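Reading through the structure tokens given below for one structure.
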Amino acid sequence: MTGKNLLWRPAGRVSGRKLPILGVFLFVLVGANWAQTPKGEPWYSDYVQGNLLDWTTQITNAKIELPSPPTPDSLYNLLVAEFGAAGTDLKHKHPNAAKELLQDAMPRLATLKSLETSARTWFISAALNSIAIQTDPWQAPFLGPKVQQEIQKALQADPNLPEVWLMKGDISYNEPPLFGGSTEKAVEYWQKARELWQALPREARHSWLYLYDLANLLKAQSKAGHDNQAQELWQEMIAEAPGLTSQHDRFWP
């Protein structure tokens, strides 16, 4: 999805629709705490503040800090960081750098898959493959269906994982209508993710992805002229993260 606040950025067009690129407002922390922190929580404040940093050094350090043997948590968090870094490279029109990151990340993804088959594993696999499509659009006929299959496997493994519904919404929004893309379906999936996050304890939904999901919904409702619903979403966002109050223009179309 497009917009200053969002995870996905327009990079080009396929069949008249914009391709998503991950433009991430994250900061990767290294060491044991970084490796063990779930849901990318160290990046939360950077998303709120709208910071966009070069991750190369942090990722290098994080790879050095990987435990031996690596744990699923350490691998997953590093892969999420590499996903964000590759998207940032694409945003700055450095596809070769993004390709190198993906090539380096894929063996770790294979290791993660050998250690666990879970919803989050399929989620990050789909995320990395979506970046691969953007670095080489000719791979879309092969990787596009694979991404869809991985999202379905993630849903089968855990239909209550909000991140999967969030990405399902992103895919539906950015996919050409000819292949099943739909803004209405995207809103439905984002709303599902929102409901799942709201069912969690507050500390468990302390994730920038939750704010990103709300931002997607806010933008969609605002564009549709549903001002009351958009304002409700904005109030929900600033209740979760008061620091967003000064970032109003970043989130409103």
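Simple spin-label estimate for Asp104 and Gln148 gives 3.3 nm between the two label positions (7 Å along the Cα-to-Cβ direction from each Cα).
Using mean Cβ contacts within 10 Å as the protection proxy, how do 207-219, 149-161 order, highest first? Write out the running numbers ahead of the final one.
Details: 207-219: 24.4, 149-161: 16.9.
Listed from highest to lowest mean packing, they are 207-219, 149-161.
Ranked by Cβ crowding within 10 angstrom, fewest neighbours first, how are Trp190, Trp138 ordered? Don't skip to the end; give the middle numbers.
On the way: Trp190 27, Trp138 8.
Ordered from fewest to most neighbouring Cβ atoms within 10 Å, Trp190, Trp138 come out as Trp138, Trp190.
Each of Ser130, Ser182 was scored by other Cβ atoms within 10 Å of its Cβ. Arranged with the fewest first, they read Ser182, Ser130.
A short reminder: the numbers here are calculations on the coordinates, not readings from a lab. Quick caveat: nothing in here was measured; it's all calculated off a predicted structure. Note that each Cβ is placed from the backbone with ideal geometry, even for glycine, and that neighbours are counted across all protein chains shown.
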